[in-house]
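The values are calculated or read from the model by the stated rules, or taken from the named source; none is laboratory data. Just so it is clear, the model here is predicted, and its values are computed rather than measured. No Cβ is skipped: glycine too gets one built from the backbone with ideal geometry, and neighbour counts run over all protein chains shown. Keep in mind that these areas ignore ligands, DNA and RNA; they rest on the heavy atoms of the full protein, side chains included. Shrake-Rupley method; radii C 1.70, N 1.55, O 1.52, S 1.80 Å.
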Amino acid sequence: MAAARADTLGRVGTYAFTSVGTNTELIGLPFDRPLADWPDELIVYVPRGISRHLVRFVELGGQVFAVKEATDRYVVREHHLLRGLAEHNVPVVEANATVTERFADDGEALGGLLITRHLPFSQPYRSLFSGRRLPGLRARLLDALVQLFVRIHVAGFYWGDCSLSNTLFRRDAGALAAYLVDAETGEMHPRLSDGQRAHDIEIATENIAGEMFDLQAAGLLDESFDVIEEVKSLRPRYDSLWTELTEDIVVPRGENYRINEKLRRLNDLGFDISEMTVKAEPDGRLRLHVDTQVVEAGHHQRRLFELTGLRVQENQARDLLADLARFKAKWESGLGKPVSDFIAAHKWLDEKFHAQLDLVPPELRQKLPDAELFHEINEHRWLLSEQRGNDVGRAAAVESYVVSVLRDLPDTRVELSSGPPTEEFEPVFD
């Protein structure tokens, strides 16, 4: 903790700044002023959901941070909750610092500040419904929320106020990945009861229905779309995944392979099991139990990072590993002998991954993360080849994708430009 006294441009105020690590660049912010009075030159403008508290975004050293103003108690509590969720491998925004005990130069008590790192390439839900949409966007949105819900509940976290506005989304190899943004209403427990989980889903269903009705009123959803039926599917989707993760399976005598099938299914869903229990029943059957408190996310992410050093989303990692496997199999077939995974990964990075991305014009390449761009080009190449009846090749696929898709995509990076105050900012939907 750094207890500091601000003295900038003749102002004097006091505050206590506590950071994770050494975020010294944050100390120069005007913590002795109310957040609403921070100078315009500090503020960047980021599309975001509705918040019950004032939020501003600032850019420092090439990174964007969200600053939320609330009471000291709420600020410290939410900071601890976000850090705890991150330790449980739950997808959340990164909590960086708190500023408490703030007083202005005239002695006026000011609210505390929670500082989190803005999630690169993330979008609020309203932005997903403008411009070029993902196919089956509504279903992918609910699937992403269900994945997030299961992860937070496995960690013992009761959200209490899940909504689309409290979530950010990243494209993930054609799917969406959801990240928890607002944890101030949440509670961490050793384990959630069935009643707590059910109540959390009930609140989420009501909130999401309201937000979808808002989308419909804004003309972003067709008037004939049945919002109630759509959001009612959230619960069965959740129950299906929760059962897959937590329910014991009983394996008949001589069918032990079913245990490996179960573990592979969990891996395919993006989970690793660090502990399991197999008990022999009196009739010779085996009962497999997975302790859900030690389930971790990111099986494919970790494997891809181990082989290539790439840090990507889980679905992107699964997609890239599949591409790497095809590349390796083709290379081995030509050589007539096996190749190690690490040697194949090094060659794939140079000759396939980076070589393909290097064909994209530099000014457009940063519109999407590298892994998502690689995935989209591959998908475009497949569709184009299907239409023409032959493989069009890498260069032609990249050129066609850039002209017909990438140039028209919105830039999902943060726009570091002038604009209206962030909490009044609404994306423009044509």
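Points to keep in mind about this one:
- Test: residue in the range 10-24 that is modelled with pLDDT of 85 or more, open to solvent by less than 50 Å² (accessible area, probe 1.4 Å), in a strand (DSSP E or B) and more than 27 Å from D106 (Cβ to Cβ): no
- The residue that is modelled with the lowest pLDDT, among those in the range 124-139 that are part of a loop (DSSP other than H, G, I, E, B) and not charged (D, E, K, R), is G131.
Listed here are the residues, each with its yes/no results for (1) in contact with a strand residue (DSSP E or B) (Cβ under 6 Å, 6 or more places away or on another chain); (2) open to solvent by less than 10 Å² (accessible area, probe 1.4 Å).
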residue: F57; (1), (2): yes, no
residue: D72; (1), (2): yes, no
residue: L82; (1), (2): yes, yes
residue: F121; (1), (2): yes, no
residue: Y125; (1), (2): no, no
residue: A144; (1), (2): yes, yes
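- Hits in the range 233-261 - residues which are open to solvent by 80 Å² or more (accessible area, probe 1.4 Å) and farther than 18 Å from G195 by Cα: R253, N256, Y257, R258, N260
- Members of the range 154-176 found to be surrounded by fewer than 22 Cβ atoms within 10 Å (Cβ to Cβ) and at positive phi, listed by number: G156, G160, G174
- Contact annotation: residue pairs with Cβ atoms under 9 Å, 6 or more positions apart or on different chains, pairing a residue in the range 339-358 that is acidic (D, E) with a partner that is surrounded by 14 or more Cβ atoms within 10 Å (Cβ to Cβ), are D341/L307; D341/L324; D341/K328; E351/F327; D358/R365.
- No other residue among L304, L310, L269, L321 is in contact (Cβ under 8 Å) with a residue 24 or more places away in the chain and open to solvent by less than 40 Å² (accessible area, probe 1.4 Å) apart from L310.
Every residue, every condition in (1) in contact with a Lys or Arg (Cβ under 9 Å, 6 or more places away or on another chain); (2) assigned to a helix (DSSP H, G or I); (3) surrounded by fewer than 19 Cβ atoms within 10 Å (Cβ to Cβ), yes or no:
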site	(1), (2), (3)
A178	yes, no, no
E184	yes, no, no
G195	no, yes, yes
E202	yes, yes, yes
T205	yes, yes, yes
F213	no, yes, yes
S224	no, no, yes
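- Check on P30, without any contact (Cβ under 8 Å) to a residue 40 or more places away in the chain and surrounded by fewer than 21 Cβ atoms within 10 Å (Cβ to Cβ): yes
- Listed by first and then second residue, the pairs with beta-carbon distance under 8 Å, at least 6 apart or on different chains, first residue in the range 68-95 and under 20 Å from T167 (Cβ atoms), second among the polar types (S, T, N, Q), are K68/S51; K68/T116; H79/T98; L82/T116; V93/T116; E94/T116; A95/T116.
- Set side by side, the residues L349, L359 differ, and just one is under 22 Å from L310 (Cβ atoms), under 27 Å from the mean Cα position of the chain (by Cα) and either among the aliphatic types (A, V, I, L, M) or exposed (fewer than 15 other Cβ atoms within 10 Å of the Cβ) (or both), which is L349.
- Applying the condition of being open to solvent by 40 Å² or more (accessible area, probe 1.4 Å) and of a type in the set (A, V, I, L, M, F, W, C) to the range 372-395 and asking which residue is modelled with the highest pLDDT yields A395.
- Check on R265, under 28 Å from H88 (Cβ atoms) and part of a helix (DSSP H, G or I): yes
- None of R48, R52 is of a type in the set (D, E, K, R), open to solvent by less than 50 Å² (accessible area, probe 1.4 Å) and at pLDDT below 90 except R48.
- Unique residue being modelled with pLDDT of 90 or more and loosely packed, with under 13 Cβ neighbours inside 10 Å when the list is S418, S404: S404
Residues checked against (1) charged (D, E, K, R); (2) at positive phi; (3) at pLDDT 90 or above:
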position	(1), (2), (3)
Q196	no, no, yes
N207	no, no, yes
G210	no, no, yes
Q216	no, no, no
L220	no, no, no
D226	yes, no, no
R235	yes, no, yes
L245	no, no, no
G254	no, yes, no
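- Residue match in the range 143-161 (condition: aliphatic (A, V, I, L, M) and over 21 Å from L192 (Cα atoms)): no
- Single match in F57, F121, F65, F31 (criterion: aromatic (F, W, Y), closer than 28 Å to D408 by Cα and assigned to a loop (DSSP other than H, G, I, E, B)): F121
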